[in-house]
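Report on the structure given below.
A short reminder: the numbers here are calculations on the coordinates, not readings from a lab. Only a predicted model underlies this, so the values are computations on that prediction, with no experimental measurement involved. A quick note on method: Cβ atoms are made from the backbone with ideal geometry, for glycine too, and the neighbour counts reach across all protein chains shown.
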Amino acid sequence: MVEFEQILKSRGYRLTNQRRVIVRELEGERHLSAEEIYDRVKGTHPDIGLSTVYRTLDLLHDLDIVRKEDFGEGYSRYELATERMHHHARCRECGRVIEFNEELMEYLALQVERETGFVTDWHEITLHGRCAACAAS
Ligand SMILES: [Zn+2]
Ligand SMILES: [Zn+2]
């Protein structure tokens, strides 16, 4: 939290209570949508509306405090940028998001470079399919 406070301060923003509450939710759980964050905080923080959540997430994203992810659901999910870089596999049946590590993607990018000469500087992939439990049933 101290870290976020410093990032905000260095850009001329304050760590308001609303911002603190939203960052704390993302510390507790990754890949939350704005609506999910709103649902979690509205009981204890009636001053935080859905539009505040959206506005705060946009700001935190602009400041590189949160990463925005698109799992093809028609809305974004968020996680803190301090999480180790990783990629996602999303179950289309139950919505579960599984994370897998970065090294596999780096290996793939190197293979592509070797074969085509294409130099990758950014990649973000989501695998779509069914999780182990759904695939077994
Ligand atoms: Zn599943
Ligand atoms: Zn993740």
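Quick one: net charge of residue 126's neighbours, Cβ under 15 Å, K/R +1, D/E -1?
Details: positive: 30, 67, 68, 77, 90, 92, 96, 130; negative: 69, 70, 73, 79, 99, 102, 124.
Here the count lands on +1.
Quickly work out the residue 61-to-residue 39 label distance, labels modelled 7 Å from Cα along the C-beta direction, and quote it in nm with one decimal.
2.0
If you average over every viewing direction, what projected area does the convex hull of the Cα atoms of region 2-80 give, in nm²?
Values: hull surface 19.6 nm².
The directionally averaged projection comes out at 4.9 nm².
Taking neighbour Cβ counts within 10 Å as the exposure measure, how do 115, 3 sort from fewest upward?
Details: 115 8, 3 11.
Lowest count first: 115, 3.
Calculate, in nm to one decimal, what residue 110 and residue 86 gain on full extension: separation in residues at 0.36 nm each, minus their alpha carbon distance.
Values: separation 24, 0.36 × 24 = 8.64 nm, distance 1.67 nm.
Working it through step by step, the gained length comes to 7.0 nm.
Pick out, in residue order, every one of the trypsin sites (Lys or Arg not before Pro) in region 12-72 that is DSSP loop and has at most 15 other C-beta atoms within 10 Å; say none if there are none.
Numbers: sites: 14, 19, 20, 24, 30, 40, 42, 55, 67, 68; in loops: 14, 30, 42.
Here the sparse-neighbourhood loop sites are 14, 42.
Fewest first, what order do 100, 118, 71, 4 take by the number of other Cβ atoms within 10 Å? Walk me through the numbers before you get to the answer.
Details: 100 13, 118 9, 71 18, 4 21.
Sorted ascending by nearby Cβ count, the order is 118, 100, 71, 4.
Compute all pairwise cysteine Cβ distances in the chain, then list the cysteines with no distance under 4.7 Å to another cysteine.
Unpaired cysteines in the chain: 94, 134.
Can you tell me the relative contact order of the chain? Whole percent, Cα pairs under 8 Å, sequence separation 6 or more.
Relative contact order, the chain: 18 percent.
For q = 0.13, 0.14, 0.22 Å⁻¹, what log10 I(q)/I(0) does the chain give under the Debye formula with an equal point scatterer on each alpha carbon and no solvent?
Log10 of I(q)/I(0), two decimals: -0.67, -0.76, -1.30.
Any chance you could check the Cα centroid distance between region 36-94 and region 117-137 for me, in angstrom?
Between the Cα centres of region 36-94 and region 117-137 lies a distance of 20 Å.
Tell me, what is the percent relative contact order of region 12-66, built from C-alpha pairs under 8 Å that lie six or more residues apart? Walk me through the intermediate numbers first.
On the way: 24 pairs, mean separation 16.3, N = 55.
It comes to 30 percent, rounded to a whole number.
Going toward the positive end of the dipole of region 86-136, with +1 on Lys and Arg Cβ and -1 on Asp and Glu Cβ, which of 116, 127, 105 do you reach last?
It is 127.
Residue 9: net charge of surrounding residues, Cβ under 12 Å, Lys/Arg +1, Asp/Glu -1, itself excluded? Before the final figure, lay out the partial values.
On the way: positive: 11, 14, 19; negative: 3, 5.
Around residue 9, the surrounding residues sum to +1.
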